[in-house]
Amino acid sequence: ILVVVCSLVGMSPTSVLAAGATYYVNKTVACSDSGPGTIGSPYCSIGKGASMAYAGDTVQVAAGSYAETVVPPRSGSSGLPITFSAALGVSVTGASGSSAFEITGRSYITINGFTVNNTAEHGIYAINSNNITISNNQISQLSGGYGIFLDHVSASTVSGNVSHHNLDGIHLYSSSNVMVRDN
């Protein structure tokens, strides 16, 4: 059906599928993790947005404090990352005893614009992953971890972040082809 409809309006089905959805998270208004994640009926947790996102999708997070650990359950793809984007005033503190973001065995994930503080572990942690972009985040006051910790990560970028009052700012372990700039 998509092919027929697209051919009638002169678009290719690939360009329609590649557009990507945006899932909204905003716990400062009426929200529900069982809702559609639209701007008018947003999710309450970033984790719910993560669970819905596929290649090319964005999880847009509104101002507020989120005490959770975000674990993307799937990867994006080349040219179609899964993007987590924060509005001004978003704070992620991590679930009890954990990091704010944990990326394990994933590719093409972008984390942009978050304030991460007071986590028990690392602020943003990626292991056995590639094509990860961590940009424009503020990470501080961690009780026991690195601001950004990349472990066996390749072909990735860490840029525009500010990390202070942590065990270490940005730590790379057994990682290769990682661009670290303007932090």
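The values are calculated or read from the model by the stated rules, or taken from the named source; none is laboratory data. Note that this is a predicted model, so its numbers are computed, not measured. Virtual Cβ from ideal backbone geometry, glycine too; neighbours counted across all protein chains shown. Just so you know, the surface numbers come from the protein's heavy atoms only, side chains and all, with ligands and any DNA or RNA stripped out. Shrake-Rupley method; radii C 1.70, N 1.55, O 1.52, S 1.80 Å.
Observations on the structure shown:
For (1) among the hydroxyl-bearing types (S, T, Y); (2) touching a His at 6+ places or on another chain (Cβ under 9 Å), each residue gets a yes or a no:
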| site | (1), (2) |
| --- | --- |
| A87 | no, no |
| S96 | yes, no |
| H122 | no, yes |
| F149 | no, yes |
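- Residue match in region 155-167 (condition: under 19 Å from V61 (Cα atoms), of a type outside the set (D, E) and surrounded by 16 or more Cβ atoms within 10 Å (Cβ to Cβ)): yes
- Scanning region 108-119 for residues that are open to solvent by less than 40 Å² (accessible area, probe 1.4 Å) and over 18 Å from S85 (Cβ atoms) turns up N117, T119.
- Some residue of region 70-93 being more than 17 Å from S45 (Cα to Cα), touching a Leu at 6+ places or on another chain (Cβ under 8 Å) and of a type in the set (G, A, S): no
- Of all residues making up region 84-127, the number that are among the polar types (S, T, N, Q) and more than 20 Å from G147 (Cβ to Cβ): 1
- When T115, T104, T133, T119 are screened for being of a type in the set (S, T, Y), within 21 Å of V59 (Cβ to Cβ) and in contact with a Leu (Cβ under 7 Å, 6 or more places away or on another chain), only T119 passes.
- When residues of region 131-148 are limited to those that are in a strand (DSSP E or B) and open to solvent by 30 Å² or more (accessible area, probe 1.4 Å), the one farthest from S91 (Cα to Cα): N131
- Wholly within region 1-104, strands (runs of 3 or more DSSP E) carrying at least 3 residues that are modelled with pLDDT under 95, open to solvent by 60 Å² or more (accessible area, probe 1.4 Å) and under 24 Å from S163 (Cα atoms): none
- Note on region 152-183: residues that are under 21 Å from S78 (Cα atoms) and not hydroxyl-bearing (S, T, Y) total 8.
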